[in-house]
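K.L.:
Below you will find the structure I want to go over with you.
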Amino acid sequence: RATRSVGMELAGTAAGHQVIGEPGGFREIAVDSMIPAGHLAWASCWLGAARGGLDGLVSLIRSRKQPH
């Protein structure tokens, strides 16, 4: 996808009371919260890009001299 993403592996420890969900339950957490939040973030990016494009187009059209 031409993102030049680099794979990585992280390791660490955390106390049991700091862990969200059951061991091995990352998929459920991702599906329930992270994926929808990511979709909202992407949608806001595309909406901002569209808004910027529309604002630029409106400015361009308004800047043209109108015939009398």
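K.L.:
Looking only at GLY21, GLY48, GLY12, which one moves most when the chain is put into a Gaussian network model with springs between Cα atoms under 10 Å?
P.N.:
Of GLY21, GLY48, GLY12, the Gaussian network model singles out GLY12 as fluctuating most.
K.L.:
Determine, from the Cβ-Cβ distance of ILE29 and LEU54 and an R0 of 25 Å, the FRET efficiency 1/(1 + (r/R0)^6), rounded to the nearest 0.05. Mind dumping the intermediate values first?
P.N.:
On the way: r = 37 Å, r/R0 = 1.47.
After rounding, the FRET efficiency stands at 0.10.
K.L.:
Something else now. Report which label in (1) 175; (2) 121; (3) 82 holds the value of volume of the Cα convex hull per residue in Å³ derived from the coordinates of this structure.
P.N.:
(1)
K.L.:
With r as the distance between the Cβ atoms of ALA2 and ALA43 and R0 = 30 Å, compute the FRET efficiency 1/(1 + (r/R0)^6) and round to 0.05. Write down the numbers at each step before the final one.
P.N.:
Numbers: r = 22 Å, r/R0 = 0.72.
About 0.90, to the nearest 0.05.
K.L.:
Order by neighbour count: HIS39, HIS17, fewest other Cβ atoms within 10 Å first, most last. Mind showing how you got there, number by number?
P.N.:
On the way: HIS39 10, HIS17 5.
Fewest to most other Cβ atoms nearby, the residues stand as HIS17, HIS39.
K.L.:
Related question: Could you derive backbone 3J(HN,Hα) for region 41-49 from the dihedral phi with the Karplus parameters 6.51, -1.76 and 1.60 (θ = phi - 60°), listing whole Hz in sequence and x where the residue is Gly or Pro?
P.N.:
Listing the rounded values in order: 5, 4, 4, 5, 5, 5, 5, x, 5 Hz.
K.L.:
For region 6-20, take each phi angle, set θ = phi - 60°, evaluate the Karplus expression 6.51 cos²θ - 1.76 cosθ + 1.60, and give the result in whole Hz per residue in order, putting x for glycine and proline.
P.N.:
Those phi angles translate into 10, x, 8, 10, 10, 9, x, 10, 8, 5, x, 6, 9, 8, 8 Hz.
Throughout, read-outs are computed from the coordinates displayed, never taken from laboratory work. Fair warning: this is a prediction, and the values are worked out from it, not measured in the lab. Heads up, the Cβs are rebuilt from the backbone with ideal geometry, glycines too, and the neighbour counts pull from every protein chain shown.
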